[in-house]
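Some notes on the structure that comes next.
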Amino acid sequence: MNHPMQLDHATLAIIGLGYVGLPLAVEFGRHRPVIGFDINSERIAELQSGQDHTLECSHDELQAAKQLRFSSRLDDLKEARIFIVTVPTPVGQANRPLFTPLVKASETVGKVLKAGDVVIYESTVYPGATEEICVPVLEKLSGLKFNQDFFCGYSPERINPGDKEHRLPSIKKVTSGSTPEAAEAVDQLYRQIIVAGTHKASSIKVAEAAKVIENIQRDINIALMNELSLIFHKLDIDTHEVLSASGTKWNFLPFRPGLVGGHCIGVDPYYLTYKAQQVGYHPEVILAGRRINDSMGSHVADKTVKLMLSKGHAPTDSRVLILGLSFKENCPDVRNTKVIDIVNTLRSYHTEVDIYDPWIDIDEARREYDIECIKEIPAAGQYNAIVIAVAHRQFIELGETGIRSFGAPDSVVFDVKGILPMGTADGRL
């Protein structure tokens with residue numbers, strides 16, 4: 001049996017240059033030769049020009065990665081000896097995992113895989129997926145034998161889009177490998193760039209499970225807050241006021257109600273529940289949390305309409321402004337945003353809806369959701385209701401006066417994110 005090759009100076013390839021792959025390529029590119037690979041030639045051209053539309057890496061950071069080069073050509077991958085796969089793992093109909101990006105990336109790597117190479121996956125999956133789904137593809141395309149000719153590792157990503165405080169080097173990294181020697185080699189590789197240190201898991205399965213439950217834990221806790229919010233609305237109690245009181249206890253967890261979208265927390269739980277059902281267990285708590293969180297967009301819209309009616313605004317004759325479309329604050333990513341549920345529910349009342357988000361790419365929003373967002377900050381006095389859907393810093397800076405200025409007389413303000421002082425909005429979660 002061969003041992004995994006020495007990884008100290010070998011060329012490394014990052015497969016997929018999104019929110020996860022690009023920061024990884026940039027950090028490694030400061031220390032060693034790196035090929036940043038993506039099948040999207042437009043993305044490659046953008047990065048070669050020193051720009052990153054995801055805003056995860058600045059022009060200066062891209063320039064500082066002196067040993068990083070970008071490519072969409074398969075031939076350029078042949079010189080790499082280490083491959084890190086960072087492609088998305090979305091869900092499809094009925095929330096079933098879609099492994100197509102992962103399989104395609106594995107096929108790409110398999111075509112250039114050589115004896116002694118190491119393939120590391122960072123994409124979120126269920127426990128066992130790396131060895132059940134990816135390894136057979138690598139073996140088939142390369143003709144090589146797993147754990148004899150090549151080796152695998154798994155090191156789950158922990159990127160938090162839009163977060164400029166918790167960056168890749170300052171977040172502790174879980175690592176693992178398909179053999180003890182591979183695990184050690186993978187761990188040492190990441191120690192080159194991770195200042196916060198690493199945690200070497202005993203197996204790839206453990207590392208996969210650790211990642212998927214990180215997001216499930218957040219999902220369930222937010223679902224609990226959302227359910228409490230639904231109850232407290234019926235009791236005419238302000239949820240945030242209750243949480244402020246409860247938060248005075250030292251061990252009370254500071255979660256808040258809200259919309260749960262994006263490509264992690266709103267998606268990852270379905271990977272574990274899919275696998276659980278395959279092995280004969282029907283998960284109840286996890287799926288209940290998902291149902292609650294998936295219902296909150298329509299709940300916000302329904303509450304907004306009721307508040308409008310209470311002030312004499314008929315939905316069919318009203319205009320509503322949605323502030324924010326991205327899935328989280330200070331981030332341009334609109335994938336799997338739950339704000340779209342607010343928009344669609346309001347439109348089901350035949351209400352005219354405008355969406356303003358200074359962070360997003362309007363063309364991307366059109367492609368993703370077939371909606372037109374307004375380009376400029378709205379004029380004053382136009383709207384019967386304003387929904388603060390995302391806590392972008394621009395909206396926080398506007399404050400209550402600035403936000404209410406968009407409204408007509410007796411307009412409604414619904415503050416989904418709780419950014420306004422208590423008692424100043426007409427409604428909030």
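The values are calculated or read from the model by the stated rules, or taken from the named source; none is laboratory data. On a predicted model such as this, the values are computed, not experimentally measured, just so you know. Backbone-built Cβ (ideal geometry, glycine too); neighbour counts: all protein chains shown. To get the accessible areas, we keep the full protein, side chains included, count just its heavy atoms, and leave off ligands, DNA and RNA. Shrake-Rupley method; radii C 1.70, N 1.55, O 1.52, S 1.80 Å.
Counting only protein heavy atoms and using a 1.4 Å probe, what share of the accessible area of segment 165-273 belongs to carbon plus sulfur, as a whole percent?
Numbers: 3010 of 5130 Å².
Whole-percent figure for carbon plus sulfur exposure: 59.
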Q) How much area per residue is accessible in segment 168-249 when the probe is 1.4 Å and only protein heavy atoms are counted (Å²)? A) 47 Å²
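In segment 50-156, what % of DSSP beta bridges are antiparallel (nearest 5)?
On the way: 1 of 10 bridges.
Within segment 50-156, antiparallel bridges account for around 10 percent of the total.
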Q | All-pairs alpha carbon distance profile, segment 59-116, 5 Å steps from 0, percent | A | 4, 15, 19, 18, 16, 13, 10, 5, 1
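In segment 341-412, what GluC sites (Glu not before Pro) fall in a loop by DSSP, with at most 11 other Cβ atoms inside 10 Å? Mind dumping the intermediate values first?
Working: sites: GLU352, GLU364, GLU368, GLU372, GLU376, GLU397, GLU400; in loops: GLU372, GLU376.
Hits after loop and neighbour filter: GLU372, GLU376.
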(Q) What number comes out for accessible area per residue over segment 1-112 if the probe is 1.4 Å? Units Å², please. (A) 46 Å²
Q) Which whole-Hz ³J(HN,Hα) couplings does segment 66-77 yield from phi under the Karplus relation 6.51 cos²θ - 1.76 cosθ + 1.60, θ = phi - 60°, glycine and proline marked x? A) 5, 9, 9, 10, 10, 7, 10, 9, 4, 4, 5, 7
Q. On a 0 to 90 degree scale, rounded to 10, what angle separates helix 393-404 from the longest Cα axis of the chain?
A. 10 degrees
Q) Hey, what does the equivalent ellipsoid look like for segment 289-338, semi-axes from the Cα gyration tensor as sqrt of 5 times each eigenvalue, largest first, whole Å? A) 25, 15, 7
Q.
Counting only helical runs of four or more DSSP H residues, what would the 222 nm mean residue ellipticity of the chain come to if each run contributes -39,500 (n - 2.57) and the total is spread over all its residues?
A. -11500 deg cm²/dmol
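Considering only protein heavy atoms and a probe of 1.4 Å, how much of the accessible area of segment 1-133 is carbon and sulfur, as a whole percent? Intermediate results must be reported in sequence, preceding the final value.
On the way: 2730 of 5610 Å².
That fraction is 49 percent.
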(Q) Compute the angle between helix 339-348 and the longest alpha-carbon principal axis of the chain, please, reported from 0 to 90 degrees and rounded to the nearest 10. (A) 40 degrees
**Q.** Estimated translational D of the chain in µm²/s (Stokes, Kirkwood radius over Cα pairs; 4 °C; 1.567 mPa s)
**A.** 56 µm²/s
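Cross-link list LYS211/LYS275; LYS172/LYS275; LYS172/LYS338; LYS275/LYS303: which exceed 25 angstrom alpha carbon to alpha carbon?
Working: LYS211/LYS275 15 Å; LYS172/LYS275 27 Å; LYS172/LYS338 29 Å; LYS275/LYS303 36 Å.
LYS172/LYS275; LYS172/LYS338; LYS275/LYS303, as the Cα separations exceed 25 Å there.
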Q | D (Stokes-Einstein, µm²/s), Kirkwood Cα radius, segment 170-223, 1.002 mPa s at 20 °C | A | 180 µm²/s
Q: Grab every C-alpha pair in segment 264-377, bin the distances at 5 angstrom width from 0 up to the longest one, and report whole percents.
A: 2, 11, 18, 18, 16, 14, 10, 7, 4, 2, 0
Q: Restricting things to alpha carbons, tell me how big segment 311-392 is in terms of Rg and Dmax, in Å.
A: 12.3, 36
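How much net charge surrounds ASP354 when only the other residues with a Cβ under 12 Å from the Cβ of ASP354 are counted, with Lys and Arg +1 and Asp and Glu -1? Display every interim value, and only then the final one.
Details: positive: ARG319, ARG347, LYS375; negative: GLU352, ASP357, GLU372, GLU376.
My count for the surroundings of ASP354 gives -1.
Report the gain in length on full extension from ARG191 to GLN277: 0.36 nm times residue separation, minus Cα-Cα distance, nm rounded to one decimal. Walk me through the numbers before you get to the answer.
Working: separation 86, 0.36 × 86 = 30.96 nm, distance 3.64 nm.
Result for the pair: 27.3 nm of gain on full extension.
Step through the table entries LYS164/LYS328; LYS234/LYS306; LYS104/LYS140, compare each Cα-Cα distance with 18 Å, and write down the pairs that go over it.
Working: LYS164/LYS328 14 Å; LYS234/LYS306 13 Å; LYS104/LYS140 13 Å.
Result: no pair exceeds 18 Å.
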Q. Among all the aspartates and glutamates, which ones have a C-alpha under 12 Å from LYS173's C-alpha, if same-chain residues fewer than 8 places away are not counted?
A. GLU122, GLU157, ASP187
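Taking a probe of 1.4 Å, how large is the accessible area per residue of segment 327-429, in Å²? Numbers along the way, then the final one.
Numbers: 4510 Å² over 103 residues.
Heavy-atom SASA per residue in segment 327-429 reads 44 Å².
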Q: Please report, to one decimal in angstroms, the Kirkwood hydrodynamic radius of segment 203-346 built from all distinct Cα-Cα pairs.
A: 17.1 Å
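From the convex hull of the Cα coordinates of segment 181-276, what is the mean projected area in square nanometres?
On the way: hull surface 36.8 nm².
Directional mean of the projected Cα hull area for segment 181-276 stands at 9.2 nm².
Restricting to bridges with both residues inside the chain, how much of the DSSP beta-bridge set is antiparallel, in percent to the nearest 5? It would help to have the intermediate numbers written out before the result.
On the way: 2 of 43 bridges.
The antiparallel fraction comes to roughly 5 percent.
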Q: Would you mind checking the radius of gyration and Dmax of segment 89-227 based on alpha-carbon positions, in Å?
A: 16.1, 53
Q: Rounded to the nearest Å, what's the spacing between the alpha carbon centres of segment 284-347 and segment 94-110? Just the number, please.
A: 31 Å
Q. What do the square roots of 5 times the Cα gyration tensor eigenvalues come to for segment 250-302, in whole Å, largest first, as semi-axes of the equivalent ellipsoid?
A. 23, 16, 11
Q. Non-local amide H neighbours of LYS200 (under 5 Å, H modeled in plane, Pro and chain starts lacking H): which ones?
A. THR175
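Would you calculate the volume per residue, in Å³, of the smallest convex hull containing every Cα atom of segment 386-429? Mind showing how you got there, number by number?
Values: hull volume 2.7 nm³, N = 44.
It comes to 61 Å³ per residue, whole-number rounded.
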Q) Got a number for carbon plus sulfur as a percent of segment 307-423's accessible area, 1.4 Å probe? A) 47 percent
